[in-house]
Amino acid sequence: MAKKEYAFYPGCSSQLKASAANYLTSTNAMCKTLDVKLTPIPDWNCCGASISYTGASELTRHVLNARNFALAQLSVGIRIQGFEHGIGLVMHH
């Protein structure tokens, strides 16, 4: 059993062959070494960073992020402790 467990938001750009896939590889390797379990947030969506370039409103970006927080709370049963923009939205389980 892992020493620590966190809900994990990988983000769109960390997916296989995406622009930041190396970050996910590094994160997984670090967590394995530190005995940390990352539980992916089920059915997560884009954080909205990429749609801001298309003229999406600030409200739209906030709603997308709020949905991810809600999914983490409902599905993984976590208590939100903090938000790190980009890869690795971590929340204490």
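Database remark: amide H of residue 4 closer than 5 angstrom to the amide H of 37 (H placed geometrically; neighbours at sequence offset of 5 or more, or on other chains; Pro and chain starts carry no H). Residue separation of residue 62 and residue 50 scaled by 0.36 nm, minus their Cα-Cα distance, works out to 3.0 nm of gained length.
Modelled spin labels at residue 19 and residue 32, positioned 7 Å past Cα toward Cβ, are 2.7 nm from each other. Using the Cβ-Cβ distance between residue 3 and residue 75 with R0 = 30 Å, the FRET efficiency computed as 1/(1 + (r/R0)^6) comes to roughly 0.85.
Every number here is computed from the coordinates shown, using simple stated rules; none is lab data. Keep in mind that what you see is a predicted model, and the values were worked out from it rather than measured. All Cβ positions, even for glycine, are placed from backbone atoms using ideal geometry, and neighbour counts span all protein chains on display.
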